[in-house]
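**Q** Got a structure for you, questions after.
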Amino acid sequence: MSRAEIKSLAQAIRERRASQSFDGEPIPQDDLRKILEAGLQAPSSYNLQPWRFIVVQQPEQKRRLRGACFNQAKVEEASAVIVACGDADAWRKDLDDVINSGLRGGMSESLAAASRESIPHYFTEFNSDQMHGWLNKQVMVAFTHMLLMAEVLGYDTAPMEGFEQDKV
Ligand SMILES: Cc1cc2nc3c(=O)[nH]c(=O)nc-3n(C[C@H](O)[C@H](O)[C@H](O)COP(=O)(O)O)c2cc1C
């Protein structure tokens, strides 16, 4: 398919497959940005958007990353690797911004006040397994948005959990 052709979402969902290899042809920055922005548009609990995406494109960094991914060749072959992370402190850092943006969007003062109170309470009760599960959910929604936007734009993708987290 020519990259100028844009697939419908229905077609992208039907045709997306995990690629076993990549030709490494550079992806235009504009398209990469569209893919990342699709992730940023994803819904998240309390709108906290606790995802953090790291784009790896330099050959030497991809080579090292491959070493943290059980030597899976596609990490080095792909023109861009997006490392999808979750930030366990997002609710601490971003809550004010999120509530202020809610207020600008029409959230009532009473809901804003209740949220300032209840959200920190909710997260401080979490143990690390609960936080891990919560982050996983949020990040995977954004991750799926990016996979599908890449397919819409005509790019192959390969989701991967075959990596060693500490090494990554
Ligand atoms: C969260 C997740 C992690 C995955 N990790 C790997 C991986 O490390 N290596 C790999 O070759 N494929 C990986 N896959 C790809 C799956 O094997 C693939 O999506 C599945 O077989 C279905 O095939 P399809 O995506 O082509 O429909 C992963 C898929 C998902 C959703």
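**Q** Counting only residues that are away from the ligand (no atom under 12 Å from the Cβ) and in contact (Cβ under 8 Å) with a residue 40 or more places away in the chain, which one in the range 149-167 is surrounded by the fewest Cβ atoms within 10 Å (Cβ to Cβ)?
**A** Looking at the filtered set, the residue picked out is Lys167.
**Q** In the range 11-60, what residues are assigned to a helix (DSSP H, G or I), over 16 Å from Val83 (Cα atoms) and within 16 Å of the ligand (Cβ to nearest atom)?
**A** Within the range 11-60, Gln11, Ala12, Ile13, Arg14, Glu15 qualify.
Let's see how each residue does on (1) outside any helix (DSSP H, G or I); (2) touching a residue at least 12 places away in the same chain (Cβ under 8 Å); (3) open to solvent by 60 Å² or more (accessible area, probe 1.4 Å):
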position: Lys93; (1), (2), (3): no, no, yes
position: Ser101; (1), (2), (3): no, yes, no
position: Met107; (1), (2), (3): yes, no, no
position: Phe123; (1), (2), (3): no, yes, no
position: Phe126; (1), (2), (3): yes, no, no
position: Asn136; (1), (2), (3): no, yes, yes
position: Ala142; (1), (2), (3): no, yes, no
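**Q** Given the conditions (1) in contact (Cβ under 8 Å) with a residue 60 or more places away in the chain; (2) among the aliphatic types (A, V, I, L, M); (3) touching a strand residue (DSSP E or B) at 6+ places or on another chain (Cβ under 8 Å); (4) away from the ligand (no atom under 16 Å from the Cβ), report the number of the one that Ile119 does not fulfil.
**A** (3)
The values are calculated or read from the model by the stated rules, or taken from the named source; none is laboratory data. The structure presented is a predicted model; accordingly, all values stated were derived computationally and were not measured. Heads up, the Cβs are rebuilt from the backbone with ideal geometry, glycines too, and the neighbour counts pull from every protein chain shown. SASA here: full protein model, heavy atoms, side chains in, ligands and nucleic acids out. Shrake-Rupley method; radii C 1.70, N 1.55, O 1.52, S 1.80 Å.
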